[in-house]
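Student: Provided herewith is a single structure, encoded as structure tokens, for subsequent inquiry.
Readers should treat all values here as calculations from the given coordinates under stated rules, not as data from a laboratory. Just so it is clear, the structure is predicted and the values come from calculations on it, not from any experiment. Every residue, glycine among them, receives a Cβ derived from its backbone with ideal geometry; neighbour counts consider all protein chains shown.
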């Protein structure tokens, strides 16, 4: 899974919706894979029938959440977290070193 796709799915999962530009190069893949669905405009549709959709806004589906947190994706997430921890430790070591050499 591409990092930009993962970020879009993470935003949708965290905030309940995500705005995706119609020119986004992976939009068709996300729709075809049924990872996202267009967000309904509840205010414009008081009836129980499907009404107008909010332009450029999408909800994540359960399939999108499963793909985001699958076993292969957890490996990538762990890999990124270890890199972040390493950078943080290097930053801390550099900060301590500069403080001690003053």
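Student: Could you calculate the contour length gain from residue 3 to residue 92, that is, 0.36 nm times the residue separation minus the distance between their Cα atoms, to one decimal place in nm?
Tutor: Using 0.36 nm per residue and subtracting the Cα-Cα distance, I get 29.3 nm.
Student: For residue 11 and residue 79, what does the FRET efficiency come to when R0 = 30 Å and r is the distance between their Cβ atoms, rounded to the nearest 0.05? Mind dumping the intermediate values first?
Tutor: On the way: r = 20 Å, r/R0 = 0.68.
The calculated FRET efficiency here is 0.90.
Student: Run the simple label-point estimate for residue 99 and residue 31 please: 7 Å along Cα→C-beta, distance reported in nm.
Tutor: 5.3
Student: Here's another thing I want to ask about it. So between residue 24 and residue 56, what do we pick up on full extension, going 0.36 nm a residue minus the alpha carbon distance?
Tutor: Values: separation 32, 0.36 × 32 = 11.52 nm, distance 1.04 nm.
In short, 10.5 nm is gained.
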